[in-house]
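Data block below; observations after.
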Amino acid sequence: MGSLETPIYIFPTIRFRLSPLVSTNHFSTFTMMSARIGLGSATRRVAFAPVIGRNQTVLRTLIPKRGVQIQSLPPSASEEILNAQRLKRPSSPHFTIYQPQLTWLGSIANRVTGGALSALLYGFSLAYLVAPDTFDSAHIVEFVAGLPDYVKYTGKVILAAPFTFHFWNGLRHLSWDMGKFLSLKGAYRAGYAALGATVISTVALVLM
């Protein structure tokens, strides 16, 4: 056998060290045989590749490849795909996970009452412009006078409660704009004061 020194052979992509048990003559014989049968450098790379590389090659051949289907779609289909994805997205949590607090409840109520009063005001104004003879003061007073008492008081509460709450809570917001009641304790005090004033004012307007 030849020398037991371990020569290093460098191929285009692989550098490895032969085992001391493999001589230079054996390596030359293997190279000539692979060249004769047409295997060439591919066989040498596989035969003398590291064990880890050979294992990876075997695994890649054993594991089936997953096919990818490609479909040509028109540009208008992108919006439909996006809408379908949006329907499958989970909805963000809303009121159900939050503890009811005076701060955000008062803020929402202020917006709701303001929108309702604005809609009522603009609706009545437009109705008066369209039919002034039907929606004048005399006809309205006559219509309300013919209603039962429980309907009158219910209507007064429905009108007075949003109006008074929006008024007093609006003053609360104005106090914030002036830099007052900005602490958590001050915000709660101003909120309870607005609720108390709303109840008193509503009762007073209903009994008028």
Of the candidates ALA119, ALA127, ALA138, the one satisfying the condition of being modelled with pLDDT of 95 or more, part of a helix (DSSP H, G or I) and among the small types (Gly, Ala, Ser) is ALA119
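Kindly evaluate LEU171 against the criterion of being under 21 Å from ALA187 (Cα atoms), free of Cβ contacts under 8 Å to residues at least 60 places away in the same chain and aliphatic (A, V, I, L, M).
Yes, satisfied.
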Would you tally the residues in region 112-127 being surrounded by 12 or more Cβ atoms within 10 Å (Cβ to Cβ) and polar (S, T, N, Q)?
-> 1
Of residues in region 128-166 being within 30 Å of LEU195 (Cα to Cα) and of a type in the set (D, E, K, R), the one surrounded by the fewest Cβ atoms within 10 Å (Cβ to Cβ) = ASP149
Report, by residue number, each residue of region 80-111 that is assigned to a helix (DSSP H, G or I), among the aromatic types (Phe, Trp, Tyr) and open to solvent by 100 Å² or more (accessible area, probe 1.4 Å).
-> PHE95
Of the residues in region 175-208, those that are open to solvent by less than 50 Å² (accessible area, probe 1.4 Å), under 19 Å from LEU102 (Cβ atoms) and either hydrophobic (A, V, I, L, M, F, W, C) or part of a loop (DSSP other than H, G, I, E, B) (or both) come to ALA187, ALA190, ALA194, ALA197
Inspect all residues belonging to region 95-108 and state whether any of them is aromatic (Phe, Trp, Tyr) and over 30 Å from TYR192 (Cβ atoms).
-> no
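The values are calculated or read from the model by the stated rules, or taken from the named source; none is laboratory data. These numbers were taken from a predicted model, which means no experiment stands behind them. Note that we place each Cβ from the backbone using ideal geometry, even for glycine, and neighbour counts take in every protein chain shown. Quick note on the areas: whole protein, heavy atoms, side chains included, nothing else; ligands and nucleic acids left out. Shrake-Rupley method; radii C 1.70, N 1.55, O 1.52, S 1.80 Å.
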